[in-house]
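Asks: To start, I am sharing the structure in question, which I have written as structure tokens.
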Amino acid sequence: MALILDKIPDSTLPVSGSALRFPVNNIFCVGRNYADHAVEMGGDPDREPPFFFIKPPFAILADDAPMTYPKFTSDLHHEVELVVAMGDDGIFGYAVGVDMTRRDLQGEAKDKSRPWEAGKSFVHAAPCGAIQPNASVLNEAPIELSINGEVRQSGNVNQMIWKIPEIIDRLSELFALGPGDLIYTGTPAGVGPVEVGDKVDASVAGLPSLSFKVHS
Ligand code: MN
């Protein structure tokens, strides 16, 4: 097929133990999937149907790559999340990711009942570690985020309100979930600001870790 423009390079992520890379298609994110985070954001932790937003593939930032502090914000927040990577036949594997958020722009969008894109979808908004192949459902694993060596978020993926199979079912019905898609499954409590010069370390036990430094 001839294209009027050169094809734009795809976003890919390394796969642990493999020379092959994972091609990133859609990036789905679950909102308020841990009760303690729902409370800290002023929400009701009762089990409401999960809600979703989408980040573009250009938001991906691989492990150990420099993060550029985005424009139009003075309140960039971290949200450490377990990431599910979808393959041809369901779950391909898992990674640790950070749902970076321009909290001031997200708050403005909420106040004005506008879409969340400016708060959630920007270059380097989706740092993600290498993908660990594992087709089974991951029910239990400590999840943590540190800034400059100080722990800011600490939880366990067993605290998720909506579990992985339920999220996959709902995404499959609402959208067209398919191979190459990533799902950021929500964050535990402790979200907060990231500043220029900070080093961020994110982990989910059993998965390759994720680190990045923030530059101006
Ligand atoms: Mn999030």
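Asks: Any idea which of (1) over 21 Å from Gly192 (Cβ atoms); (2) within 14 Å of the ligand (Cβ to nearest atom); (3) of a type in the set (Asp, Glu) is the one Glu140 doesn't satisfy?
Replies: Failing condition for Glu140: (2).
Asks: Note down all Cβ pairs under 9 Å where the first residue falls in the stretch 191-208 and is without any contact (Cβ under 8 Å) to a residue 60 or more places away in the chain, the second is acidic (Asp, Glu), and they're at least six residues apart or on different chains.
Replies: Correct list of pairs: Asp201/Glu144.
Asks: Only one of these is within 15 Å of the ligand (Cβ to nearest atom), modelled with pLDDT of 95 or more and on the phi < 0 side of the Ramachandran plot: Val98, Val151, Val123. Name it.
Replies: Selected residue: Val98, the only one of Val98, Val151, Val123 that is within 15 Å of the ligand (Cβ to nearest atom), modelled with pLDDT of 95 or more and on the phi < 0 side of the Ramachandran plot.
Asks: Another question about this same structure. So, in the stretch 49-69, of the ones that are within 16 Å of the ligand (Cβ to nearest atom) and of a type outside the set (Val, Ile, Thr), which residue ends up surrounded by the fewest Cβ atoms within 10 Å (Cβ to Cβ)?
Replies: Filtering first and then ranking leaves Phe51.
Asks: Further, regarding this structure: Where residues in the stretch 72-102 are without any contact (Cβ under 8 Å) to a residue 60 or more places away in the chain and more than 28 Å from Pro23 (Cβ to Cβ), which of them is surrounded by the most Cβ atoms within 10 Å (Cβ to Cβ)?
Replies: Thr73
Asks: Would you please name the residue that is nearest to the chain's Cα centre (by Cα), looking only at residues in the stretch 167-193 that are among the polar types (S, T, N, Q) and within 16 Å of the ligand (Cβ to nearest atom)?
Replies: Filtering the stretch 167-193 for residues that are among the polar types (S, T, N, Q) and within 16 Å of the ligand (Cβ to nearest atom), the one nearest to the chain's Cα centre (by Cα) comes out as Thr185.
Asks: Also, quick follow-up: Of all residues in the stretch 1-48, which are among the hydrophobic types (A, V, I, L, M, F, W, C), at pLDDT 90 or above and within 16 Å of the ligand (Cβ to nearest atom)?
Replies: Ile27, Phe28, Cys29, Val30, listed by residue number.
Asks: Of the conditions (1) in contact with a Ser or Thr (Cβ under 8 Å, 6 or more places away or on another chain); (2) assigned to a loop (DSSP other than H, G, I, E, B); (3) of a type in the set (A, V, I, L, M); (4) within 14 Å of the ligand (Cβ to nearest atom), Val196 clears all except one; give me its number.
Replies: Every listed condition holds for Val196 apart from (4).
The values are calculated or read from the model by the stated rules, or taken from the named source; none is laboratory data. Computed from a predicted structure; not experimentally measured. Positions of Cβ are backbone-derived with ideal geometry, glycine not excepted, and every protein chain shown enters the neighbour counts.
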